[in-house]
Amino acid sequence: MNRLKLFLILGLFALLVIVAPSLNGFPYPSKNSEYSDFTITHFPNTQFIQRSLQEDRQLPLWSPGILSGYPIAANPLSGRWYPPNWLTWILPLPLG
């Protein structure tokens with residue numbers, strides 16, 4: 001069991017060492033970019049879902065964010081049906 005823990009810790013550390021340098025421009029990966037999918041679509045959806053979970057204690061089906069609204073449940077960009085994204089609803093937003 002100790003070897004497994006050591007392997008997991010070393011693996012996470014290696015992943016951090018590999019990924020950390022690329023986080024310099026987050027959330028705008030290109031220096032010439034003024035927009036990114038993260039800031040336009042993913043972050044507002046995550047923020048809305050997280051707020052709905054905290055205030056209403058339920059997952060929203062509809063978002064009133066754009067014009068008359070759009071379906072959260074049917075929108076693949078909302079991240080509702082992507083299990084790793086569910087962590088972002090639990091963790092505080094900068095970390096999530």
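Quick note: the coordinates plus some simple rules give every number you see, no bench work behind them. Keep in mind it's a predicted model, so treat the numbers as computed, not measured. Reconstructed Cβ throughout: ideal geometry from the backbone, glycine too, with neighbour counts over all protein chains shown.
Quick notes on this one:
- Near the amide H of I72, within less than 5 Å, lie the amide hydrogens of W62, S63, all on another chain or at least 5 residues away, with H placed in the peptide plane.
- R0 of 22 Å, Cβ-Cβ distance L91-F13: FRET efficiency to nearest 0.05: 0.60
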